[in-house]
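The values are calculated or read from the model by the stated rules, or taken from the named source; none is laboratory data. Note that the structure is a prediction, hence the values are computed from the model and not measured. Here the Cβ positions follow ideal geometry from the backbone for every residue, glycine too, while neighbour counts run over all protein chains shown. Remember, those area values only see protein heavy atoms, side chains included, never the ligands or the DNA or RNA. Shrake-Rupley method; radii C 1.70, N 1.55, O 1.52, S 1.80 Å.
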Amino acid sequence: MAGGRRAILITGGTSGIGLALVRRLAPRHDLLVAGRRAPDDAAAVLPQGVRYVHAPLTTPEEAVRTVAEAVLKAGWVRLDNAILNAGVGFAVPGGIETAGQIRATLDVNLTASVMLARTLHPWLARAGGTLTLVGSVARRGQGLFPAYAASKAGLHGLARALRSEWRDTVAVQVIHPGPTRTGMHAKAGHDPGRLGAVFLPAGPVAAMIEGAIAARRSPVTVSHGRFVAGGALWSRRL
Ligand SMILES: NC(=O)c1ccc[n+]([C@@H]2O[C@H](COP(=O)([O-])OP(=O)(O)OC[C@H]3O[C@@H](n4cnc5c(N)ncnc54)[C@H](OP(=O)(O)O)[C@@H]3O)[C@@H](O)[C@H]2O)c1
(Lines give C-alpha, C1' and ligand atoms only; values in the text may rest on other atoms or scores of the structure.)
Protein backbone atom coordinates (compact mmCIF):
# COMPACT_ATOMS: atom_id res chain seq x y z
CA MET A 1 0.00 0.00 0.00
CA ALA A 2 1.39 3.41 -1.00
CA GLY A 3 2.47 6.00 1.58
CA GLY A 4 2.78 3.50 4.40
CA ARG A 5 -0.92 2.73 4.34
CA ARG A 6 -1.54 -0.83 5.39
CA ALA A 7 -4.30 -3.22 4.41
CA ILE A 8 -5.71 -4.44 7.73
CA LEU A 9 -8.46 -6.92 8.51
CA ILE A 10 -10.04 -6.77 11.99
CA THR A 11 -12.68 -9.19 13.25
CA GLY A 12 -15.13 -7.95 15.87
CA GLY A 13 -14.42 -4.30 15.16
CA THR A 14 -17.91 -3.02 15.98
CA SER A 15 -17.56 -2.64 19.75
CA GLY A 16 -15.15 -2.61 22.67
CA ILE A 17 -11.44 -3.15 22.06
CA GLY A 18 -11.91 -3.89 18.34
CA LEU A 19 -13.81 -0.65 17.72
CA ALA A 20 -11.20 1.31 19.70
CA LEU A 21 -8.51 -0.23 17.45
CA VAL A 22 -10.52 0.62 14.34
CA ARG A 23 -10.83 4.25 15.47
CA ARG A 24 -7.09 4.47 16.07
CA LEU A 25 -6.09 2.87 12.77
CA ALA A 26 -8.74 4.15 10.32
CA PRO A 27 -7.18 7.60 9.71
CA ARG A 28 -3.87 6.07 8.55
CA HIS A 29 -4.73 2.69 7.05
CA ASP A 30 -7.20 0.79 4.84
CA LEU A 31 -9.46 -1.31 7.06
CA LEU A 32 -11.82 -4.19 6.47
CA VAL A 33 -13.93 -5.09 9.50
CA ALA A 34 -15.67 -8.47 9.73
CA GLY A 35 -18.52 -8.73 12.21
CA ARG A 36 -21.84 -10.26 13.12
CA ARG A 37 -23.95 -7.12 12.79
CA ALA A 38 -26.09 -6.27 9.79
CA PRO A 39 -24.23 -3.81 7.52
CA ASP A 40 -26.47 -0.83 8.42
CA ASP A 41 -25.91 -1.38 12.15
CA ALA A 42 -22.17 -1.66 11.60
CA ALA A 43 -22.10 1.50 9.47
CA ALA A 44 -23.70 3.40 12.36
CA VAL A 45 -20.62 2.85 14.55
CA LEU A 46 -17.70 2.51 12.10
CA PRO A 47 -15.70 5.54 10.90
CA GLN A 48 -16.37 6.60 7.31
CA GLY A 49 -14.35 4.79 4.68
CA VAL A 50 -13.94 1.59 6.69
CA ARG A 51 -15.06 -1.45 4.69
CA TYR A 52 -17.36 -3.93 6.40
CA VAL A 53 -18.36 -7.53 5.77
CA HIS A 54 -21.15 -9.38 7.57
CA ALA A 55 -19.54 -12.68 8.60
CA PRO A 56 -20.91 -14.22 11.81
CA LEU A 57 -18.19 -16.53 13.14
CA THR A 58 -20.63 -18.99 14.74
CA THR A 59 -20.62 -20.63 11.29
CA PRO A 60 -16.86 -20.59 10.71
CA GLU A 61 -16.64 -22.22 7.27
CA GLU A 62 -19.19 -19.87 5.74
CA ALA A 63 -17.71 -16.85 7.53
CA VAL A 64 -14.19 -17.60 6.35
CA ARG A 65 -15.40 -17.93 2.74
CA THR A 66 -17.25 -14.63 3.05
CA VAL A 67 -14.21 -12.86 4.50
CA ALA A 68 -11.96 -14.20 1.71
CA GLU A 69 -14.45 -12.95 -0.89
CA ALA A 70 -14.51 -9.52 0.78
CA VAL A 71 -10.71 -9.31 0.70
CA LEU A 72 -10.78 -10.12 -3.03
CA LYS A 73 -13.60 -7.62 -3.62
CA ALA A 74 -11.54 -4.92 -1.89
CA GLY A 75 -8.90 -5.58 -4.58
CA TRP A 76 -6.32 -6.51 -1.97
CA VAL A 77 -3.63 -8.86 -3.23
CA ARG A 78 -1.77 -8.61 0.08
CA LEU A 79 -2.72 -8.16 3.68
CA ASP A 80 -0.35 -6.38 6.06
CA ASN A 81 -2.23 -7.28 9.24
CA ALA A 82 -5.00 -9.65 10.23
CA ILE A 83 -6.19 -8.90 13.77
CA LEU A 84 -8.45 -11.73 14.96
CA ASN A 85 -10.12 -9.97 17.85
CA ALA A 86 -13.77 -11.15 17.85
CA GLY A 87 -14.68 -13.05 20.98
CA VAL A 88 -17.59 -14.28 23.09
CA GLY A 89 -18.02 -15.95 26.43
CA PHE A 90 -20.88 -17.06 28.64
CA ALA A 91 -20.89 -16.84 32.41
CA VAL A 92 -23.12 -19.40 34.07
CA PRO A 93 -23.51 -20.22 37.74
CA GLY A 94 -21.41 -23.29 38.53
CA GLY A 95 -19.47 -22.77 35.29
CA ILE A 96 -21.40 -25.34 33.28
CA GLU A 97 -22.34 -23.85 29.93
CA THR A 98 -24.92 -25.40 27.62
CA ALA A 99 -23.66 -27.37 24.62
CA GLY A 100 -24.74 -24.47 22.39
CA GLN A 101 -22.78 -21.93 24.46
CA ILE A 102 -19.69 -24.14 24.48
CA ARG A 103 -19.89 -24.60 20.71
CA ALA A 104 -20.41 -20.88 20.07
CA THR A 105 -17.47 -19.98 22.32
CA LEU A 106 -15.11 -22.43 20.66
CA ASP A 107 -16.34 -21.68 17.12
CA VAL A 108 -16.06 -17.89 17.40
CA ASN A 109 -12.90 -17.69 19.51
CA LEU A 110 -10.90 -20.67 18.24
CA THR A 111 -12.22 -22.62 15.23
CA ALA A 112 -12.82 -19.49 13.16
CA SER A 113 -9.36 -18.20 14.10
CA VAL A 114 -7.61 -21.39 12.96
CA MET A 115 -9.56 -21.38 9.70
CA LEU A 116 -9.09 -17.66 9.05
CA ALA A 117 -5.37 -17.96 9.73
CA ARG A 118 -5.02 -20.79 7.20
CA THR A 119 -7.14 -19.01 4.58
CA LEU A 120 -5.46 -15.62 4.96
CA HIS A 121 -1.89 -16.97 4.97
CA PRO A 122 -1.24 -16.40 1.22
CA TRP A 123 -2.34 -12.74 1.47
CA LEU A 124 -0.28 -12.20 4.63
CA ALA A 125 2.76 -13.94 3.13
CA ARG A 126 2.72 -11.67 0.06
CA ALA A 127 3.04 -8.67 2.40
CA GLY A 128 5.42 -10.29 4.88
CA GLY A 129 2.59 -9.37 7.23
CA THR A 130 1.51 -10.08 10.78
CA LEU A 131 -1.23 -12.30 12.18
CA THR A 132 -2.44 -11.09 15.59
CA LEU A 133 -4.58 -13.27 17.81
CA VAL A 134 -6.39 -11.54 20.68
CA GLY A 135 -6.39 -13.95 23.60
CA SER A 136 -7.04 -13.22 27.26
CA VAL A 137 -5.38 -13.51 30.65
CA ALA A 138 -8.25 -15.96 31.29
CA ARG A 139 -6.28 -18.51 29.22
CA ARG A 140 -4.65 -19.59 32.47
CA GLY A 141 -8.03 -20.81 33.69
CA GLN A 142 -10.88 -18.81 35.14
CA GLY A 143 -13.86 -20.01 37.13
CA LEU A 144 -17.26 -19.08 35.62
CA PHE A 145 -15.84 -19.16 32.06
CA PRO A 146 -14.32 -22.62 31.45
CA ALA A 147 -15.02 -22.85 27.71
CA TYR A 148 -13.84 -19.25 27.24
CA ALA A 149 -10.62 -20.00 29.14
CA ALA A 150 -10.09 -23.14 27.04
CA SER A 151 -10.61 -21.23 23.79
CA LYS A 152 -8.06 -18.60 24.78
CA ALA A 153 -5.53 -21.24 25.87
CA GLY A 154 -6.08 -22.77 22.42
CA LEU A 155 -5.24 -19.44 20.76
CA HIS A 156 -1.99 -19.34 22.70
CA GLY A 157 -1.05 -22.78 21.36
CA LEU A 158 -2.16 -21.83 17.87
CA ALA A 159 0.10 -18.77 17.93
CA ARG A 160 3.08 -20.81 19.08
CA ALA A 161 2.51 -23.43 16.38
CA LEU A 162 2.03 -20.96 13.51
CA ARG A 163 4.91 -18.78 14.70
CA SER A 164 7.17 -21.74 14.22
CA GLU A 165 5.55 -23.02 11.00
CA TRP A 166 5.40 -19.59 9.32
CA ARG A 167 8.66 -18.14 10.64
CA ASP A 168 9.96 -17.37 7.12
CA THR A 169 6.75 -15.87 5.77
CA VAL A 170 4.42 -14.27 8.34
CA ALA A 171 4.91 -12.92 11.88
CA VAL A 172 2.46 -14.43 14.36
CA GLN A 173 1.63 -13.08 17.78
CA VAL A 174 -0.87 -13.57 20.57
CA ILE A 175 -1.86 -10.67 22.81
CA HIS A 176 -3.62 -11.30 26.11
CA PRO A 177 -5.62 -8.32 27.43
CA GLY A 178 -6.43 -8.11 31.11
CA PRO A 179 -9.91 -7.11 32.35
CA THR A 180 -11.21 -4.29 30.16
CA ARG A 181 -14.32 -2.12 30.46
CA THR A 182 -16.32 -3.17 27.40
CA GLY A 183 -19.79 -4.56 26.78
CA MET A 184 -18.39 -8.08 26.81
CA HIS A 185 -19.14 -8.80 30.46
CA ALA A 186 -22.80 -7.77 30.17
CA LYS A 187 -23.15 -9.76 26.92
CA ALA A 188 -21.68 -12.77 28.76
CA GLY A 189 -24.22 -12.40 31.55
CA HIS A 190 -21.53 -11.48 34.06
CA ASP A 191 -21.57 -8.58 36.52
CA PRO A 192 -18.04 -7.93 37.79
CA GLY A 193 -19.49 -5.71 40.57
CA ARG A 194 -17.10 -3.27 42.24
CA LEU A 195 -14.13 -4.94 40.51
CA GLY A 196 -15.39 -3.40 37.25
CA ALA A 197 -14.22 0.01 38.50
CA VAL A 198 -10.57 -1.03 38.12
CA PHE A 199 -10.97 -2.51 34.63
CA LEU A 200 -8.98 -0.57 32.02
CA PRO A 201 -10.92 1.43 29.42
CA ALA A 202 -10.90 0.04 25.86
CA GLY A 203 -8.99 3.04 24.41
CA PRO A 204 -5.72 2.58 26.34
CA VAL A 205 -5.93 -1.20 25.89
CA ALA A 206 -6.21 -0.68 22.11
CA ALA A 207 -3.23 1.70 22.23
CA MET A 208 -1.12 -0.94 23.99
CA ILE A 209 -2.28 -3.62 21.54
CA GLU A 210 -1.34 -1.35 18.62
CA GLY A 211 2.13 -0.96 20.15
CA ALA A 212 2.52 -4.71 20.52
CA ILE A 213 1.42 -5.25 16.92
CA ALA A 214 3.91 -2.66 15.66
CA ALA A 215 6.68 -4.36 17.66
CA ARG A 216 5.56 -7.85 16.52
CA ARG A 217 6.17 -9.18 20.04
CA SER A 218 4.58 -12.40 21.31
CA PRO A 219 3.15 -13.35 23.68
CA VAL A 220 2.18 -10.01 25.21
CA THR A 221 0.03 -9.41 28.29
CA VAL A 222 -1.77 -6.08 28.31
CA SER A 223 -1.86 -5.57 32.03
CA HIS A 224 -2.79 -2.93 34.53
CA GLY A 225 0.91 -2.71 35.47
CA ARG A 226 1.88 -1.94 31.87
CA PHE A 227 -0.81 0.76 31.78
CA VAL A 228 0.35 2.37 35.05
CA ALA A 229 3.91 2.40 33.68
CA GLY A 230 2.66 4.57 30.77
CA GLY A 231 2.27 1.76 28.24
CA ALA A 232 -0.68 3.42 26.54
CA LEU A 233 1.04 6.81 26.29
CA TRP A 234 4.33 5.65 24.85
CA SER A 235 3.25 2.67 22.76
CA ARG A 236 4.50 2.51 19.18
CA ARG A 237 2.11 3.25 16.32
CA LEU A 238 1.42 0.94 13.46
N1 LIG B 1 -13.21 -7.15 27.97
C2 LIG B 1 -12.33 -7.90 28.62
O3 LIG B 1 -12.23 -7.84 29.88
C4 LIG B 1 -11.40 -8.78 27.85
C5 LIG B 1 -10.32 -9.34 28.56
C6 LIG B 1 -9.45 -10.19 27.88
C7 LIG B 1 -9.64 -10.46 26.54
N8 LIG B 1 -10.70 -9.90 25.88
C9 LIG B 1 -10.84 -10.25 24.47
O10 LIG B 1 -10.77 -9.07 23.69
C11 LIG B 1 -11.53 -9.26 22.48
C12 LIG B 1 -12.49 -8.12 22.33
O13 LIG B 1 -13.44 -8.17 23.39
P14 LIG B 1 -14.19 -6.89 23.98
O15 LIG B 1 -13.93 -6.84 25.42
O16 LIG B 1 -13.90 -5.72 23.13
O17 LIG B 1 -15.70 -7.38 23.83
P18 LIG B 1 -16.90 -6.84 22.91
O19 LIG B 1 -17.04 -5.37 23.11
O20 LIG B 1 -18.05 -7.70 23.20
O21 LIG B 1 -16.34 -7.09 21.45
C22 LIG B 1 -16.31 -8.39 20.89
C23 LIG B 1 -16.46 -8.26 19.40
O24 LIG B 1 -16.62 -9.56 18.83
C25 LIG B 1 -17.81 -9.54 18.02
N26 LIG B 1 -18.45 -10.85 17.95
C27 LIG B 1 -19.03 -11.54 18.95
N28 LIG B 1 -19.57 -12.67 18.49
C29 LIG B 1 -19.31 -12.69 17.15
C30 LIG B 1 -19.64 -13.57 16.09
N31 LIG B 1 -20.39 -14.67 16.31
N32 LIG B 1 -19.22 -13.29 14.84
C33 LIG B 1 -18.50 -12.18 14.61
N34 LIG B 1 -18.19 -11.29 15.56
C35 LIG B 1 -18.59 -11.54 16.81
C36 LIG B 1 -18.72 -8.54 18.71
O37 LIG B 1 -19.78 -8.09 17.87
P38 LIG B 1 -20.87 -7.01 18.42
O39 LIG B 1 -20.19 -5.68 18.35
O40 LIG B 1 -21.99 -7.15 17.48
O41 LIG B 1 -21.21 -7.41 19.83
C42 LIG B 1 -17.71 -7.45 19.04
O43 LIG B 1 -17.44 -6.65 17.91
C44 LIG B 1 -12.22 -10.62 22.62
O45 LIG B 1 -11.48 -11.60 21.93
C46 LIG B 1 -12.16 -10.89 24.11
O47 LIG B 1 -12.20 -12.26 24.40
C48 LIG B 1 -11.57 -9.06 26.50
Could you tell me which numbered condition VAL22 fails, if it satisfies all but one of (1) open to solvent by less than 40 Å² (accessible area, probe 1.4 Å); (2) more than 8 Å from the ligand (Cβ to nearest atom); (3) touching a Phe, Trp or Tyr at 6+ places or on another chain (Cβ under 8 Å)? (3)
Please determine, by comparing only the residues of segment 133-181 that are open to solvent by 50 Å² or more (accessible area, probe 1.4 Å) and within 13 Å of the ligand (Cβ to nearest atom), which one is farthest from LEU21 (Cα to Cα). LEU144
Anything in segment 183-236 that is in contact (Cβ under 8 Å) with a residue 60 or more places away in the chain and open to solvent by 50 Å² or more (accessible area, probe 1.4 Å)? List them, or say none. MET184, LYS187, GLY189, ARG216, PRO219, THR221
Looking at segment 105-114, can you tell me whether even one residue there is of a type in the set (D, E, K, R), outside any helix (DSSP H, G or I), buried (at least 17 other Cβ atoms within 10 Å of the Cβ) and touching a residue at least 40 places away in the same chain (Cβ under 8 Å)? no
For segment 183-238, the count of residues that are of a type in the set (A, V, I, L, M), in contact with a Gly (Cβ under 7 Å, 6 or more places away or on another chain) and in a loop (DSSP other than H, G, I, E, B) equals 1
Whether any residue in segment 52-72 is within 11 Å of the ligand (Cβ to nearest atom), in contact (Cβ under 8 Å) with a residue 24 or more places away in the chain, part of a strand (DSSP E or B) and not hydroxyl-bearing (Ser, Thr, Tyr) is what I want to check. no
Check on GLU61, within 18 Å of SER151 (Cβ to Cβ), open to solvent by less than 70 Å² (accessible area, probe 1.4 Å) and more than 15 Å from the chain's Cα centre (by Cα): no
Is it the case that some residue within segment 74-96 is charged (D, E, K, R) and free of Cβ contacts under 8 Å to residues at least 60 places away in the same chain? no
What's the number of the condition GLY75 fails, among (1) in a loop (DSSP other than H, G, I, E, B); (2) open to solvent by 30 Å² or more (accessible area, probe 1.4 Å); (3) within 14 Å of the ligand (Cβ to nearest atom)? (3)
